[in-house]
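Q: What follows is a single structure, and I will ask about it in a moment.
Bear in mind these aren't lab numbers, they're just calculated from the coordinates by the rules spelled out. Model, not experiment: these values are computed from the prediction. Here the Cβ positions follow ideal geometry from the backbone for every residue, glycine too, while neighbour counts run over all protein chains shown.
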Amino acid sequence: MTTVTDLVPYEDALASFDPVMGLEVHVELGTRTKMFCGCATELGADPNSQVCPTCLGLPGALPVVNATGVESAVRIGLALHCEIAEWCRFARKNYFYPDMPKNFQTSQYDEPIAYNGYLDVQLEDGEVFRVEIERAHMEEDTGKSTHVGGATGRIHGASHSLLDYNRAGIPLIEIVTKPIVGAGERAPEVAKAYVAELRELIKALGVSEARMEMGQMRCDVNLSLRPSGEERFGTRSETKNVNSLRSVERAARYEIQRHAAVLSSGGAIVQETRHFHEDDGSTTSGRVKEEAEDYRYFPEPDLVPVAPPKEWVEELRGTLPELPRLRRNRLREEWGITQHEMQSVLNAGAVDLIVATTEAGADAPSARKWWMGELARRANEDGVDLAALPITPADVARVAALVAEGSLNDKLARQTIEGVLAGEGTPDEVVEKRGLKVVSDDGALGAAVDEAIAGNPAVADKIRGGKVAAAGALVGAVMKATRGQADAARVKELILERLGVEG
Ligand SMILES: Nc1ncnc2c1ncn2[C@@H]1O[C@H](COP(=O)(O)OP(=O)(O)OP(=O)(O)O)[C@@H](O)[C@H]1O
Ligand SMILES: [Mg+2]
Ligand SMILES: [Mg+2]
């Protein structure tokens, strides 16, 4: 399948070379309609059911700019601390590719809507690394080709290519970094952290769900090496459409090792696009890359220039949410957890759920405990996102409240959650229907306690002799006999009372 390429061990590559990276991230905006026409953007529609003369580039069709698309672009630019152009145009980027029905992509070239910004990213050890942003510009997505037939199902060897233009014309924002220098051996980690932070930012802005696995956000990883101490950049390779955080990190790492192998053996890097392969983490050659002039960029004659009024831009600046990194650090302190624990919460997609649960009245440790424990396990088992589980933060807060007031113990609380997930109703309804209340009534517990003492005379003697810790075994026996519904603390008190021992 993939051609085997010599690689230099990672540490050796870094001993002789300094990596330079450039990340281009494409984000599909969640607008209702396409960037230049009124076609719907919903996913999953029948192929070629969401197309019109404009997005198919038929002669005589005229595009119109999607105002929400521009607003999203400005908000992204502002959140990235960019300057916003007072006046800018779209440009035609001309190239032939079957998934691009117009034979050009409407993009922006030397007049991007946002430029000169930065995004601070936090690395695993807590250090903050600033990634400078060159520009964020508006453009449109291409269609989708599927290669079928033949032996491999890949483009080479397939007998047919099927084209679906539903995606053609969906608004994209392309965010391009300046060359990232000075990351050294941490370049792959920086790349991953940058894309992760950008994704959080995009989600916080509400402009896209930014689901990488669905292609709503994808990253091109440009990478070159220069001999340590050298000023001039080396020739870059560009690994296209990397679609997970882990893959971004792996692609950068692989390219560092591959470039080092080529350069160390006296070879030269070809400026080309490359494809990343999830299975073995390798990249293979794509096409030799056009230079900008090959695209014959020129200003789009069919679209008016975009001139965002200053007051409007300032108004949008006022609506920006708290930056995700700062919000995470604030919550981390409020919840009293480590950076590492916060990372797990983030990875689980649980930040907002925990916040909502605390807002519904739970304390942060309980909210975190349920979402990161029982519920994370369930989501994992069912292969769904935590947020997709059929339980609300208010439900979780109610369970936590029942535990806090002593009506439920841990085990019963888990059964209550199980009932809610099974669609049996609200936590109170589940408790009622399943009869899950903790039994703390002495009358009801007394018999079980007596039985436990009678059934374990040796343990009872130990306790009488002063070994209070041994009471745990008897508590366990009572819990078992009452199918977990006894109030464990009260049971222990009763046992000690019965045996005439001070607690
Ligand atoms: N020698 C280099 N080594 C590593 N990164 C580089 C180098 N030169 C430029 N870059 C980075 O590579 C990226 C290039 O993206 P850009 O969109 O500007 O151009 P492109 O890749 O030629 O165009 P396209 O949008 O068609 O892919 C930028 O992030 C830039 O900072
Ligand atoms: Mg680019
Ligand atoms: Mg590029």
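Q: Counting only other residues whose beta carbon sits under 13 Å from that of Ala85, what net charge do I get with K and R as +1, D and E as -1?
A: Details: positive: Arg89, Arg135, Lys310; negative: Glu83, Glu86, Asp110, Glu111.
Computed value for this residue: -1.
Q: Using alpha-carbon pairs under 8 Å, 6+ residues apart, how would you state the relative contact order of region 442-498 in percent?
A: Values: 46 pairs, mean separation 22.1, N = 57.
It comes to 39 percent, rounded to a whole number.
Q: Counting each pair of different Cα atoms once, what's the Kirkwood radius of region 324-434 in Å, rounded to one decimal?
A: Across region 324-434, the inverse of the average 1/r is 14.1 Å.
Q: Would you kindly state how much longer the chain becomes between Arg327 and Val181 on full extension, computed as 0.36 nm times their sequence separation minus their alpha carbon distance, in nm to one decimal? Numbers along the way, then the final one.
A: Values: separation 146, 0.36 × 146 = 52.56 nm, distance 2.72 nm.
Contour length minus Cα-Cα distance gives 49.8 nm.
Q: Further, regarding this structure: At R0 = 60 Å, how high is the FRET efficiency between Leu58 and Arg377 if r is their beta carbon distance? Nearest 0.05 is fine. Show your work: numbers first, answer last.
A: Numbers: r = 53 Å, r/R0 = 0.88.
E(calc), rounded to 0.05, equals 0.70.
Q: I'd like the Karplus ³J(HN,Hα) series for region 212-219: coefficients 6.51, -1.76, 1.60, θ = phi - 60°, whole numbers in Hz, and an x wherever there's a Gly or Pro.
A: Running phi through 6.51 cos²θ - 1.76 cosθ + 1.60 with θ = phi - 60° gives 5, 5, 9, x, 6, 8, 9, 10 Hz.
Q: Hey, any idea what Rg/Rh is for region 318-362, computing Rh the Kirkwood way over Cα pairs? Don't jump to the answer; show the numbers that get you there.
A: Details: Rg = 10.9 Å, Rh = 11.1 Å.
Rg/Rh for region 318-362 comes to 0.98.
Q: Here's another thing I want to ask about it. Using a simple charge model, +1 on the beta-carbon of Lys and Arg, -1 on the beta-carbon of Asp and Glu, nothing else, what dipole does the chain show about its Cα centre, in debye to the nearest 20? Let's see the in-between values first.
A: On the way: 56 positive and 78 negative charges, 143 e Å.
The dipole magnitude comes to about 680 debye.
Q: Using a Debye calculation, one point per C-alpha and no hydration shell, please list log10 I(q)/I(0) for region 357-503 at q = 0.11, 0.15, 0.19, 0.20 Å⁻¹ in order.
A: For the requested q values the scattering log ratios are -0.51, -0.79, -1.01, -1.06.
Q: Based on the Kirkwood radius over alpha-carbon pairs, what is the Stokes-Einstein translational diffusion coefficient of region 184-264 at 25 °C with 0.890 mPa s viscosity, in µm²/s? Before the final figure, lay out each step's value.
A: Working: Rh = 13.6 Å.
Result for D is 180 µm²/s.
Q: Most exposed first by the Cβ proxy, i.e. fewest other Cβ within 10 Å, how do Val121, Val439 rank?
A: Values: Val121 22, Val439 18.
Lowest to highest Cβ neighbour count: Val439, Val121.
Q: Hull surface divided by four, with the convex hull built on the Cα atoms of region 260-338: how many nm²? Let's see the in-between values first.
A: Numbers: hull surface 51.5 nm².
The orientation-averaged projected area of the Cα hull of region 260-338 comes to 12.9 nm².
Q: Express in whole angstrom the spacing between the alpha-carbon centres of region 77-110 and region 115-152.
A: 15 Å
Q: Sticking with this structure for a sec: Just to confirm the filter: which GluC sites (Glu not before Pro) across region 349-399 are DSSP coil and have at most 15 other Cβ within 10 angstrom of their Cβ?
A: Numbers: sites: Glu359, Glu374, Glu381; in loops: none.
In loop regions of region 349-399 (DSSP not H, G, I, E or B), there are no sparsely surrounded GluC sites (Glu not before Pro).
Q: Of all the C-alpha pairs in region 293-339, what % are more than 17 Å from each other? Let's see the in-between values first.
A: On the way: 713 of 1081 pairs.
Cα-Cα pairs of region 293-339 separated by over 17 Å account for 66 percent.
Q: Normalise the Cα radius of gyration of region 54-201 by 2.2 N^0.38 Å (N = residues in it) and let me know the number.
A: 1.27
Q: Also: Before anything else, pin down the relative contact order of the chain: Cα pairs under 8 Å, at least 6 apart, normalised by residue count, whole percent. Please list the in-between numbers first.
A: Details: 892 pairs, mean separation 70.4, N = 503.
The normalised contact order for the chain reaches 14 percent.
Q: Tell me the Kirkwood hydrodynamic radius of region 442-498 in angstroms, computed as one over the mean inverse distance between distinct C-alpha pairs. If you can, show how the numbers build up before the last one.
A: Details: mean 1/r = 0.0920 Å⁻¹.
Over region 442-498, the inverse of the mean reciprocal pair distance is 10.9 Å.
Q: Report, by chain and number, residues whose modeled amide H sits under 5 Å from the one on Arg211, excluding near sequence neighbours (fewer than 5 apart, same chain).
A: Here the answer is Gln216, Met217, since their amide H atoms fall under 5 Å of that of Arg211.
Q: Among all the lysines, which ones have a C-alpha under 30 Å from Lys433's C-alpha, if same-chain residues fewer than 8 places away are not counted?
A: Lys369, Lys411, Lys480, Lys492
Q: Sticking with this one: If you take the charge dipole of the chain about its Cα centre, with +1 on Lys and Arg Cβ and -1 on Asp and Glu Cβ, which of Val345, Ser228, Gly149 is farthest toward its positive end?
A: Gly149
Q: What Kirkwood radius, in Å to one decimal, follows from the Cα pairs of region 211-349?
A: Details: mean 1/r = 0.0517 Å⁻¹.
Hydrodynamic radius (Kirkwood, Cα only) of region 211-349 equals 19.3 Å.
Q: Further question: So how many Å³ per residue does the convex hull of the Cα atoms of region 249-300 work out to?
A: Values: hull volume 5.9 nm³, N = 52.
Output value, Cα hull per residue: 114 Å³.
Q: Give the order of Asp6, Asp164 when sorted by the count of other beta carbons within 10 angstrom, beginning with the fewest. Mind showing how you got there, number by number?
A: On the way: Asp6 11, Asp164 18.
Ascending Cβ contact count within 10 Å gives the list Asp6, Asp164.
Q: Sorted from fewest to most neighbouring beta carbons within 10 Å, what does the list Trp371, Trp312 look like? Please list the in-between numbers first.
A: Details: Trp371 26, Trp312 13.
By the 10 Å Cβ count, ascending: Trp312, Trp371.
Q: For region 10-314, what is the number of Lys pairs with C-alpha distance below 24 angstrom, counting only pairs 8 or more positions apart or on separate chains?
A: Lysine pairs satisfying the spacing and distance rule in region 10-314 number 23.
Q: Over region 324-434, what relative contact order in percent results from Cα pairs under 8 Å that are six or more residues apart? Display every interim value, and only then the final one.
A: Numbers: 89 pairs, mean separation 22.9, N = 111.
For region 324-434, the relative contact order is 21 percent.
Q: Short version: what are the Cα gyration tensor semi-axes of the chain, square root of 5 times each eigenvalue, largest first, in whole Å? Show your work: numbers first, answer last.
A: Values: eigenvalues 631, 157, 102 Å².
Equivalent ellipsoid of the chain: 56, 28, 23 Å, largest first.
Q: Further question: Taking R0 as 45 Å, what FRET efficiency do you get between Asp450 and Ala404 from their Cβ-Cβ distance, rounded to the nearest 0.05?
A: Calculated transfer efficiency: 0.90.
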